[in-house]
Structure formats: C-alpha cells, structure tokens
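Input: a single structure, listed below in structure tokens.
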Amino acid sequence: MFTWLALGCLAACASEPYYFWEKQGVSQAKTRDVLGFCRQDVGADRLAKAQAEKLVGYCMRSKGFVLKQGYR
C-alpha cells in the first residue's frame, strides 16, 4: 500500500504543468484563433517574452477567457 502511495506521489511530482486558455462554450479551434488575433494585435513577436505574455493575457481576459493550469 505504501509503495503505491509513494509511486503516486512521485508521479504527481514529476508531472509538468501546462497552461491553456478556456472559455465556456468556445471550441479549441476558436480559442486558437482568438489567441492568434491577440498575439498579432499586441505585436507579440516584436516584444520581450514577458511583456508579450502580459499583453496577450490582458487581451484574452478582455474577451472572457480564463487561463487554467493542467498537468501532463
């Protein structure tokens, strides 16, 4: 029993978090379209990564999306 618990904890710790945008009732394809629009709108390719992420985040949240975290 302890072995399975330890292995479960080890697997959970080894999981890498990832982030994704979500809005209820919106498909993944539409979400990708909106994300692409926001990246283009703020000129993300011409900005430092941190600044681009911040501005894209503002854009996505203004459109009703929420940034969520998942684990692989």
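Count the lysine pairs in the stretch 16-71 whose Cα atoms lie under 20 Å apart, taking only pairs 8 or more positions apart in sequence or on different chains.
8
At 0.36 nm per residue, and after removing the present C-alpha to C-alpha distance, how many nm does the segment from ASP41 to GLU53 gain when stretched out fully?
3.1 nm
Once you sort the root eigenvalues of the Cα gyration tensor of the stretch 16-71 as a ≥ b ≥ c, which label holds: rounded (a/c under 1.5), prolate (a/b larger than b/c) or oblate (the other case)?
It is oblate, given that a/c is not under 1.5 and a/b is not larger than b/c.
Put a dot 7 Å past each Cα toward the Cβ at LYS30 and SER62; how far apart are the dots in nm?
2.0 nm
Bear in mind these aren't lab numbers, they're just calculated from the coordinates by the rules spelled out. As the structure is a computational prediction, the values presented were derived from the model and not from experiment. Note that we place each Cβ from the backbone using ideal geometry, even for glycine, and neighbour counts take in every protein chain shown.
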